[in-house]
Amino acid sequence: MKIAVLSDLHLGHGGRVDGFGHDDGEFLTFLNRLEADHERIVLAGDVWETLHSKTPGKAARELARCRAAHPEIAARFELPHYTYLHGNHDFVAANVVAAPDMLHLNVDGTRLLFMHGHQMDWVVKNARAFSEFVVWLGGWVMRLGLSPIKRLVERFEEVLRGERADVPEEDRFQLASVARAAELGADIVVTGHTHNAIVAEHGDRLFMNSGSCSEGVYSWLSLDTAQGRYVHQVGI
Ligand SMILES: [Mn+2]
């Protein structure tokens, strides 16, 4: 089976705080190509940016607003080709559209585990209200056009998560994901969340991160269980 994975689109309500950064029509063309070549497309969380309202705590209303700002993409994601898992920026989708936080698949003898990845992020796990507040502040940083501050905060978050892109065996986020895969009996664990695309072997298990399909970059994963081909792709 061929499965494509996209995450961290951060589709917003339009304007300056919308980090999606793709033309909707062009993005639909990209989705057409993915659909033609993959039997299933997993949307691995942070699809919608529901934490960037002007005043905090309006996630459900914000989800509706984001969907209204990108109506064709919202409709496309409803099709049976797609499986939507929620992330921490669209946590509210768990309640509003019953988006689960994990997907297990067992195909061609390979056991796959998909999840956004906030489950392995201690800041989100232990201080969700605080992390949502930081994201909300980030919305104002974007509104005010302070991108160096945004990059600084992102770097700080990478350090908190213990990411080590250069040394997978010391990357705490990857290790926690692989440990979760071992617990749940999966051979391959697929996440998003960090916005850092990676395919890394950890013993007999494989860690994959789809990166972020936002800010004009087409970052995605292609999993071919029949061929045993698991790759990160950039571009249409
Ligand atoms: Mn996330």
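Here are some notes:
- Yes/no for residue 131 being over 18 Å from residue 191 (Cα atoms), within 14 Å of the ligand (Cβ to nearest atom) and of a type in the set (S, T, N, Q): yes
- Complete set of residues in segment 7-16 that are touching a helix residue (DSSP H, G or I) at 6+ places or on another chain (Cβ under 8 Å) and within 16 Å of the ligand (Cβ to nearest atom): 11, 12
Table: residues versus (1) within 16 Å of residue 87 (Cα to Cα); (2) touching a residue at least 60 places away in the same chain (Cβ under 8 Å); (3) out of contact with any Asp or Glu (no Cβ under 6 Å at 6 or more places or on another chain).
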residue	(1), (2), (3)
167	no, no, yes
173	yes, no, no
200	no, no, yes
223	no, yes, yes
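- Selection status of residue 159, surrounded by fewer than 21 Cβ atoms within 10 Å (Cβ to Cβ), over 20 Å from residue 48 (Cα atoms) and without any contact (Cβ under 8 Å) to a residue 60 or more places away in the chain: yes
- Looking at 171, 187, 166, 204, just one residue is away from the ligand (no atom under 16 Å from the Cβ), among the charged types (D, E, K, R) and closer than 22 Å to residue 38 by Cα, and that residue is 187.
- Residues of segment 197-223 satisfying the condition of being part of a strand (DSSP E or B) and loosely packed, with under 15 Cβ neighbours inside 10 Å: 201
- None of 83, 55, 29 is away from the ligand (no atom under 16 Å from the Cβ), modelled with pLDDT of 95 or more, within 22 Å of residue 124 (Cβ to Cβ) and not charged (D, E, K, R) except 83.
- Looking only at segment 77-108, and only at residues there that are touching a residue at least 40 places away in the same chain (Cβ under 8 Å) and over 17 Å from the mean Cα position of the chain (by Cα), the one that is farthest from residue 128 (Cα to Cα): 108
- Residue check for residue 135: surrounded by 16 or more Cβ atoms within 10 Å (Cβ to Cβ) and modelled with pLDDT under 90: yes
The values are calculated or read from the model by the stated rules, or taken from the named source; none is laboratory data. Quick caveat, the model's predicted, so the values are computed rather than measured. In this analysis, Cβ positions are derived from the backbone assuming ideal geometry, glycine residues included, and neighbour counts consider all displayed protein chains.
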